[in-house]
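Asks: Can you read through this structure? Questions will come right after.
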Amino acid sequence: VQLQASGGGLVQPGGSLRLSCAASGSSFNIPVMGWYRQAPGKQRELVATASTTGTKNYADSVKGRFTISRDNAANTVYLQMNSLEPEDTAVYYCTAGSKWYARDFWGQGTQVTVSS
């Protein structure tokens, strides 16, 4: 499974960005897709995951601001990020897997920078 993420960039605090990730190389619906992030000097952390059954998980730090969604037929996952804060600055990785934490496959990462 290959994952191709896009949509990162530079945004001011309070702004919005939408990340997209398309999976290829799989002939079936991937059970769980999600997003992780890694800020400079910090460990990689789960941001959000979504299953084909509609179950979603979010990190406490992004609840109410970020929304994950999926197009199951297209094996594509999105992350709508609103009310962005400087603390959201990180490299965001698209992931996929069979468990709720979706860590079997990783994309290349896309940079999100929140700064004025």
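Asks: Return the residues of the range 31-57 that are modelled with pLDDT of 95 or more, under 15 Å from Thr110 (Cα atoms) and open to solvent by 60 Å² or more (accessible area, probe 1.4 Å); say none if nothing qualifies.
Replies: Scanning the range 31-57 gives Gln38, Arg44, Glu45.
Asks: Related question: Any residue at all in the range 32-54 that's closer than 18 Å to Leu17 by Cβ, among the charged types (D, E, K, R) and under 9 Å from the mean Cα position of the chain (by Cα)?
Replies: Checked the range 32-54: at least one residue is closer than 18 Å to Leu17 by Cβ, among the charged types (D, E, K, R) and under 9 Å from the mean Cα position of the chain (by Cα).
Asks: Could you check Phe28 against (1) open to solvent by 60 Å² or more (accessible area, probe 1.4 Å); (2) modelled with pLDDT of 95 or more and say which number it fails?
Replies: (2)
Asks: Report, by residue number, each residue of the range 3-25 that is surrounded by fewer than 18 Cβ atoms within 10 Å (Cβ to Cβ), touching a residue at least 60 places away in the same chain (Cβ under 8 Å) and assigned to a strand (DSSP E or B).
Replies: Gln4, Ser6, Gly9, Leu10, Arg18, listed by residue number.
Asks: If Lys63 passes every condition in (1) touching a Cys at 6+ places or on another chain (Cβ under 8 Å); (2) more than 20 Å from Val1 (Cα to Cα) but one, which one does it miss?
Replies: It is condition (1) that Lys63 fails.
The rows are residues; the columns are (1) part of a loop (DSSP other than H, G, I, E, B); (2) in contact with a strand residue (DSSP E or B) (Cβ under 7 Å, 6 or more places away or on another chain); (3) not polar (S, T, N, Q).
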residue: Asn57; (1), (2), (3): no, yes, no
residue: Asp60; (1), (2), (3): yes, no, yes
residue: Gly64; (1), (2), (3): yes, no, yes
residue: Ser69; (1), (2), (3): no, yes, no
residue: Tyr92; (1), (2), (3): no, yes, yes
residue: Thr95; (1), (2), (3): no, yes, no
residue: Tyr101; (1), (2), (3): yes, yes, yes
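Asks: Do you know which residues across the range 94-116 are under 13 Å from Gln2 (Cβ atoms) and either surrounded by fewer than 15 Cβ atoms within 10 Å (Cβ to Cβ) or aromatic (Phe, Trp, Tyr) (or both)?
Replies: Hits for the range 94-116 are Asp104, Phe105, Trp106, Gln108.
The values are calculated or read from the model by the stated rules, or taken from the named source; none is laboratory data. Being a predicted model, the structure only gives us computed values, none of them experimental. All Cβ positions, glycine included, derive from the backbone under ideal geometry; neighbour counts span all protein chains shown. Accessible surface is based on the protein model in full, side chains and every heavy atom, while ligands, DNA and RNA are left aside. Shrake-Rupley method; radii C 1.70, N 1.55, O 1.52, S 1.80 Å.
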